Amino acid sequence: MDAARILIVEDERITAEDLHDILAGLGYSVTGVVSSGAEALELTERERPDLVMMDVHIQGELDGIETARLLRQRFDIPVIYLTAHADQETLGRAKIAEPLGYIVKPFQEAELQASIEMALHKQATDRERKEKERRLITTLSALGQGVISLDREAKVTYMNPAAEYWTGWKLREAAGAGVEEVFRLFQGANRTPAGYAVRQALEGGVLTELEGGYVLLSRSGAETAITGSASPIRDHHGAPNGAVILFASAAENRMAATAIQPPGAPEAFDFVTESPAMKQIVSFSRRVARSEVSTILLEGESGVGKDVLAKLIHYCSQRREHPFLAINCAAIPETLLESELFGYEKGAFTDARAQKKGILELATGGTVLLDEIGEMPLPIQAKLLRVLEEQSFRRLGGTRDILVDLRVITATNRDLKSAMEQGRFRLDLYYRLNVIQIQIPPLRERREDILPLVHHFIQSYNRKFRRSIRGVAPEAVELMLAHNWPGNVRELRNMVERAMVLEEGELLQPDNLKIPTSGAAVQIATQTAAAAAAPNLAGMSLEGAEKALLLQALERSGWNQTRAAQLLSISRDTLRYRMKKFKLVAAEE
C-alpha cells in the first residue's frame, strides 16, 4: 500500500519541521508544509493529499477552522487539528468542519501515529459507505416501480423518481412529511381512505399487499390504479423500525397519463426534467406562452426537445384550442416549401389543378413551428418577414391578401448570427424572430434528466407495446450516465424504444440498449435486483436494506425460492447464497 500523503499547515517553523521529521520517520509522505490557509487550499487543489494536519490558530485571513471547513467542502479532505491549548470555545468552533482528530501540543509520536491511522481508516470507511449508497440510489433511480421509504414515525425518508412521478411530490418536499400526506391511498368505488394498509406494515410489522382496487391520488389530483406492497423494516432486535412501499400503476388502468394534460394535448406535451436550468426554461416558457408575443426563437442542438417545448408553449397559451402545425424547412425543396407555407391558387403552376391552403392559413388563431429555420431559402425568408410584420400574405398565383392571426415559433440548431455574416440569413428577419430567445441545453449538460426521461419513455412504450418493463438494469444505468448523448433526447428515446421491442425480461439490459462506450470496461458491483431495493436514510445499512427486501420477496412468494428469485431478477443460486448469508430459512426447512 502506498504511504499516506499528508499536508502540514503550521505557521510555527520549528513545530512544522519537527512534525515533518516525525511523519517522515513514521513512513508517511509529506506533500508540503505551508503556513497559511490560502496556501493550504492552493496546494490541496494541486496535490490532493490524503490528510491535512492543521494548526487551529494559524495567522492570516483564514484561520485553521475556516480553512478546514473549506477543505472539507471543496475537496472532501479530512483534517486533524493541532493546538497548544484546547479551550471549550475553540473546540466548539472546530467541530463545524467535522475534524477526524484533535491533538494537543506537544504531541507524542505514538499518539500522532494512532490519530493519523484512525483518521485515515474512518475516511476510507466513510467513502466506501457513500459509494455503496450512491450505487444503491442509482439502482433505485432506474426503476419503473415506485419506492418510498419510511421511518418508524411513518415519515418519508426517501422516494425514487418513479414514486415522485406517480405521487407528484419531489423528495426534497416530501422528506419528513407524513406518509398519508404524500402517498394518498384510497380503495373501492367510493374512494375510502386506505392509509391503514401502510400503517399495518409499519405498526403491525407484517407485509401488506396492495392488491384489488387501490387508487393513488397524486398531488395534482390525478388518480392512478396501483398494485404493490408495504413491507416492514426491522432493527437489529427484530422490532419494526420503518417500512418500504413498492408500487406501480396497474396494467389495466393508466389514468395518470391523461389526467395531468390539458384537453386535446398530445402525449408528447409532457416536458420531463429534473434539471434546475431546464426547469427555469420551462417556467419561463409557460410565462411567455401566456403573453401576447408573436415570435419565439428556440435554439439548441438537434434532438434536445425544441419541438416538445414548442408544443408546451402552444398548449399553455390562449391559442391551445386552435391548431398547432409544424414544418421542417430543411426537409422540403424550396419550390415545395413555398407552396406548403403559403398555399396556391388554381392554375398557379402546371400541377395546380385546385386551390390549396398553406400551413400559415390553416393554423390561423394557433401556432406554427418552423423547424430548422436556418435552412429556409432567402426568397422565402423575405415573404415570411412580411407575414410577421403585417400578419398577411398571398397564396402563390393569388392577388388577394389573406389576414392571419398567428404565433410563429422558429427553431434552429445552427448559429444564425454566423449565417447572417455569410449572407445566408436576413438580418431583418433574425431580429424579428428574436423577440424572445430560448436556448435549450444539450442532454450531456443536464444528466439529472437522463433517468427521469428513461422512466417516462418506458411508461409510454409500455402502453404502446403492451409491455410491462419495470426499469433499467443497474449495468445499463451506469452506461447511460456515462454516455455523451450526441443525439440528445431523440437518441435516448430511440434507444429505449428499440430495447423495449427486443427485451424479454423485466429490466432493459445493456445488450438491447446498445449504448456506445468509450472502450473502457464498465464494472457494476450491484448483485441484488433493483426491483427489490430501498434505502432507509434513517440509519439502515446496505446489508439491512438487502436483507429486508430479500425477506419481502420470500414472503410475497410464500417462500417459493424460484418465484422469489424471479421477483428479484436474480438467479436461484444467488438467492440461496444470500439466504444463507442472512440466515433466512423457511419454517419447513
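In the stretch 215-247, what residues are part of a loop (DSSP other than H, G, I, E, B) and either on the phi > 0 side of the Ramachandran plot or not polar (S, T, N, Q) (or both)?
If we filter the stretch 215-247 for residues that are part of a loop (DSSP other than H, G, I, E, B), which is where we start, we get 218-222, 235-239.
Within the stretch 215-247, ARG219, GLY221, ALA222, ASP235, HIS236, HIS237, GLY238, ALA239 qualify.
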Residue count, the stretch 56-70, condition touching a helix residue (DSSP H, G or I) at 6+ places or on another chain (Cβ under 7 Å) and either of a type in the set (S, T, N, Q) or at pLDDT 85 or above (or both), comes to 2
Considering the stretch 284-303, residues that are farther than 12 Å from ILE436 by Cβ and out of contact with any Lys or Arg (no Cβ under 8 Å at 6 or more places or on another chain), and then whichever is surrounded by the fewest Cβ atoms within 10 Å (Cβ to Cβ), we arrive at ARG290
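In the stretch 433-477, how many are hydrophobic (A, V, I, L, M, F, W, C) and at pLDDT below 85? Outline the logic, then answer.
Residues of the stretch 433-477 hydrophobic (A, V, I, L, M, F, W, C): 433, 435-436, 438, 440, 443, 450-451, 453-454, 457-458, 465, 469, 472-473, 476-477.
Okay, now just the ones that are also at pLDDT below 85, so 465.
The number of residues fulfilling the criteria is 1.
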Is it true that some residue in the stretch 7-27 is crowded, with 18+ Cβ neighbours inside 10 Å and more than 18 Å from LYS105 (Cα to Cα)?
no
Expected single match for within 17 Å of SER218 (Cα to Cα), among the basic types (Lys, Arg) and modelled with pLDDT under 85 among ARG135, ARG184, ARG191 is ARG191
The condition of being in contact with a strand residue (DSSP E or B) (Cβ under 7 Å, 6 or more places away or on another chain), on the phi < 0 side of the Ramachandran plot, in a helix (DSSP H, G or I) and surrounded by fewer than 23 Cβ atoms within 10 Å (Cβ to Cβ) holds, among LEU120, LEU140, only for LEU120
Of those in the stretch 192-212 that are out of contact with any helix residue (DSSP H, G or I) (no Cβ under 9 Å at 6 or more places or on another chain) and either surrounded by 14 or more Cβ atoms within 10 Å (Cβ to Cβ) or hydroxyl-bearing (Ser, Thr, Tyr) (or both), the residue farthest from PHE582 (Cα to Cα) is THR192
Those helices (runs of 4 or more DSSP H) completely within the stretch 404-472 that have 1 or more residues that are in contact with a helix residue (DSSP H, G or I) (Cβ under 7 Å, 6 or more places away or on another chain), closer than 30 Å to THR227 by Cα and not polar (S, T, N, Q) are 450-465
Of the residues in the stretch 291-317, those that are more than 24 Å from LEU429 (Cβ to Cβ), out of contact with any Phe, Trp or Tyr (no Cβ under 8 Å at 6 or more places or on another chain) and modelled with pLDDT under 90 come to CYS316
The number of residues in the stretch 478-494 that are out of contact with any Pro (no Cβ under 8 Å at 6 or more places or on another chain), of a type outside the set (Gly, Ala, Ser) and either closer than 23 Å to LEU136 by Cβ or in a helix (DSSP H, G or I) (or both) is 9
Might you let me know whether the stretch 320-336 holds any residue that is surrounded by fewer than 17 Cβ atoms within 10 Å (Cβ to Cβ), outside any loop (DSSP other than H, G, I, E, B), touching a strand residue (DSSP E or B) at 6+ places or on another chain (Cβ under 8 Å) and of a type in the set (D, E, K, R)?
-> no
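The values are calculated or read from the model by the stated rules, or taken from the named source; none is laboratory data. Predicted model only: the values in this text are computed from it and were never measured. For neighbour counting, all protein chains shown are included, and Cβ atoms are generated from backbone atoms with ideal geometry for every residue, glycine included.
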